[in-house]
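Chemist: The structure under discussion is supplied below as structure tokens; questions concerning it will follow.
The values are calculated or read from the model by the stated rules, or taken from the named source; none is laboratory data. Computed from a prediction, not measured in an experiment: that's the story for all the values here. No Cβ is skipped: glycine too gets one built from the backbone with ideal geometry, and neighbour counts run over all protein chains shown. Accessible surface areas use protein heavy atoms only, side chains included; no ligands, DNA or RNA. Shrake-Rupley method; radii C 1.70, N 1.55, O 1.52, S 1.80 Å.
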Amino acid sequence: MIDDLWYKNAVFYCLSVGSFMDADGDGCGDFKGLTRRLDYIHGLGITAIWLMPFQPSPGKDDGYDISDYYGVDPRYGTLGDFVEFTHGCHQRGIRVIIDLVVNHTSDQHAWFKDARSARDSRYRDWYVWSDKKPPNANKGMVFPGVQKSTWTHDTTSKSWFFHRFYDFQPDLNTSNPYVQAEILKIMGFWLQLGVSGFRMDAVPFVIATKGPKVNKPTEQYDMLRAFREFLQWRKGDAIILAEANVLPETDMEYFGSDGDRMQMMFNFHVNQNLFYALASGDVRPLAAAMKVTKPRPATAQWGLFLRNHDELDLGRLTEEQRQTVFAKFGPDKDMQLYDRGIRRRLAPMLGGDRRRLELAYSLMYTLPGTPVLRYGDEIAMGDDLTLPERNCARTPMQWSNEPRAGFTKSEKSKNPVIDKGPYGYNHVNVAKQRRDPNSMLNWTERMIRMRKEVPEIGWGDFTIIATRNPAVLAIRYDWRNNSVLFVHNLDEQPREVSFALGLDGKQGDHLINLLTEDHNRADAQGKHHLMLEAYAYRWYRVGGLDYLLRRSDIDSDTDAHPA
Ligand code: GLC
């Protein structure tokens, strides 16, 4: 049953507690600090926070190595602080989803310690073992170049254990019904403490068959339905946002053809093609990616993102396309990672060029789906390539030009703050941008406000309008007799385009610009002619002068059922 499809017109903000704000002065961000910053997040217009892992963890994979699913790492505070935080979010109408990392545990988890201690341990079968080294032990690594194998010898129990990720992250045997029951219990626990769902980590691996004899893992999609059912029995409006970088032909397996599996998935396919479009100025592969990921159940939704906490994975582009993106956005070996991606933040990738940044974010806000921002994007934070692997893009939030960016009062911070170069906290910080009406921060706030006022993107059906210009993407959305149009020029040169909107009669004659006074009227043949400057983005509402009247119908009704 559909209870409340809040995620259809939401704006997500992803952050890690440890890098956001340190209140107790120990150099590590904490829930108290984050709670103090909720008005900032609310002011940006964010409607949902995605919290990265904060449970007790040795912290060898930034918390994605959990050693206790039912607690808060003492560095970040207590369960009490967590509940104060979710309460603060609820007061402001912000929802919270948290990472659900159940493909593996930390090797320091009590279950694994017990499982390796004796072959007859009751937790033995919670993990994946082999007496001998499996022949495929050197295959299937997620972090090639850093991770050497997927099976590691355990000297205590004199056998081998499977780990899809690093060797300190033993895979859970997710086919075991006891493990499945425990996963539900973990979800139930956090739902009870006030979250609205989960960003489920590494979903294709969670549902894959695992074992020494498994050469080609098969996905057990039914598990997704079981997670979904439990979730909605407990809390009708809770969702799962799946991290599943899969081929478009399997998308419906994840969403479920009846919309009975994952409510949301990140659109990795669009993400990679979007970066190719930004690098090449050619939007055709992006348009193709949008079309091929279009089929989805009415209640399902894509999560749209630019950069996240991991590398920008370009693994699904062709070799030539990938090299185009590398050449443009990450030419040095040091900027690349795992033979497939770029580890930089967006602002340095785009040379700090405000026009290109606005273009990229404007695309993220207007492509089909729900936008997911990453903390620091709103002030165009940079990266620190001296830090290993993905840590370069996980530096503390830059609040002000006080020492250590106002992130902590301590002399040291958990991850070093960026204090040098054009992205150093002296230049790039919230306090400074707050005072400047033209800052990235204030631009972002305005764009989010407008994005929320255009529910057609999240709810409607889209059509790509032919502009006969490979650098220009024009998308029309229709929903409840309303239409909106977004036009982007990805080229560094100005472009002139003419197109017909393809609506009946005179319906599409007026284009009312939502961001400036630069409106447009069709010619006598019903064609629009636009002169687009380099990297231009235009947001239009389509229609005659009665559009304002029609707006008032939908404003109060954006969360209702689809028509
Ligand atoms: C996901 C996370 C990544 C983590 C990995 C292992 O891919 O996004 O950060 O390292 O899972 O949990």
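Chemist: How large is log10 I(q)/I(0) at q = 0.12 Å⁻¹ when the Debye formula is applied to the Cα atoms of the chain, each weighted equally and without solvent?
Modeler: Rounded to two decimals, the profile gives -1.25.
Chemist: Between ARG340 and GLN91, what is the FRET efficiency for a Förster distance of 51 Å, r being their Cβ-Cβ separation, to the nearest 0.05?
Modeler: For R0 = 51 Å, the calculated efficiency reads 0.75.
Chemist: Next question. For helix 177-192, report the angle its Cα long axis makes with the longest principal axis of the Cα atoms of the chain; keep it between 0 and 90° and round to the nearest 10°.
Modeler: Helix 177-192 sits roughly 50 degrees off the main axis of the chain.
Chemist: Additional query: Explain nothing, just compute: Karplus ³J(HN,Hα) = 6.51 cos²θ - 1.76 cosθ + 1.60, θ = phi - 60°, for every residue of the range 506-516 in order, whole Hz, x for Gly and Pro.
Modeler: My calculation for the range 506-516 gives 9, 3, x, 5, 9, 10, 9, 5, 8, 10, 9 Hz in order.
Chemist: Could you tell me the relative contact order of the chain? Use alpha-carbon pairs under 8 Å, at least six residues apart, and round to a whole percent.
Modeler: Computed value for the chain: 13 percent relative contact order.
Chemist: Continuing with the same structure: In nanometres, what is the gap between the two model label sites at ASP114 and HIS42, each 7 Å from Cα along Cα-to-Cβ?
Modeler: Placing both labels 7 Å along Cα→Cβ, they lie 4.2 nm apart.
Chemist: Pulled fully out, how much extra length does the chain show between LYS291 and ASN442, if you take 0.36 nm times their separation in residues and subtract their Cα-Cα distance?
Modeler: This chain segment gains 51.1 nm when fully extended.
Chemist: Amide H neighbours of ALA202 under 5 Å, counting only residues 5+ apart in sequence or on other chains, H built in-plane at 1.01 Å?
Modeler: Under 5 Å from the amide H of ALA202: GLU243.
Chemist: Would you calculate a helix-derived [θ] at 222 nm for the chain, using -39,500 (n - 2.57) for each DSSP H run of n ≥ 4 and dividing by the full residue count, to the nearest 500?
Modeler: Dividing the helical sum by the residues of the chain leaves -8000 deg cm²/dmol.
Chemist: Using a 1.4 Å probe, what is the accessible area per residue for the chain, in Å²?
Modeler: 40
Chemist: Given a Förster distance of 35 Å, report the FRET efficiency between THR516 and LYS420 from their Cβ-Cβ distance, rounded to the nearest 0.05.
Modeler: FRET efficiency, THR516 to LYS420: 0.40.
Chemist: Ok, one more. If you place +1 on the Cβ of every Lys and Arg and -1 on the Cβ of every Asp and Glu, how big does the dipole about the Cα centre of the range 1-127 come out, in debye to the nearest 20?
Modeler: Here the size comes out at about 180 debye.
Chemist: Using a probe of 1.4 angstrom, how much of the accessible area of the range 164-255 is carbon and sulfur, in percent?
Modeler: 54
Chemist: For helix 79-91, report the angle its Cα long axis makes with the longest principal axis of the Cα atoms of the chain; keep it between 0 and 90° and round to the nearest 10°.
Modeler: Here the helix axis deviates by roughly 20 degrees.
Chemist: Quote the FRET efficiency, to the nearest 0.05, computed for LYS133 versus GLN220 with a Förster distance R0 of 22 Å and r equal to the Cβ-Cβ distance.
Modeler: Efficiency at R0 = 22 Å is approximately 0.30.
Chemist: Also: Too long at a 29 Å Cα-Cα cut-off: which of LYS235/LYS409; LYS60/LYS420; LYS32/LYS432; LYS60/LYS409?
Modeler: Table pairs above 29 Å Cα-Cα are LYS235/LYS409.
Chemist: Give me the lysines in straight-line cross-link reach of LYS294: C-alpha distance below 20 Å, same-chain residues under 8 apart excluded.
Modeler: Within the straight-line limit of under 20 Å, LYS294 reaches these lysines: LYS8.
Chemist: For the range 110-162: lysine pairs with Cα atoms under 19 Å, gap of 8 or more or different chains, count?
Modeler: Close lysine pairs found across the range 110-162: 6.
Chemist: Taking a virtual spin label 7 Å from the Cα of LYS148 along the C-beta vector, which residues in the range 81-111 bring their backbone nitrogen under 19 Å of it?
Modeler: 107
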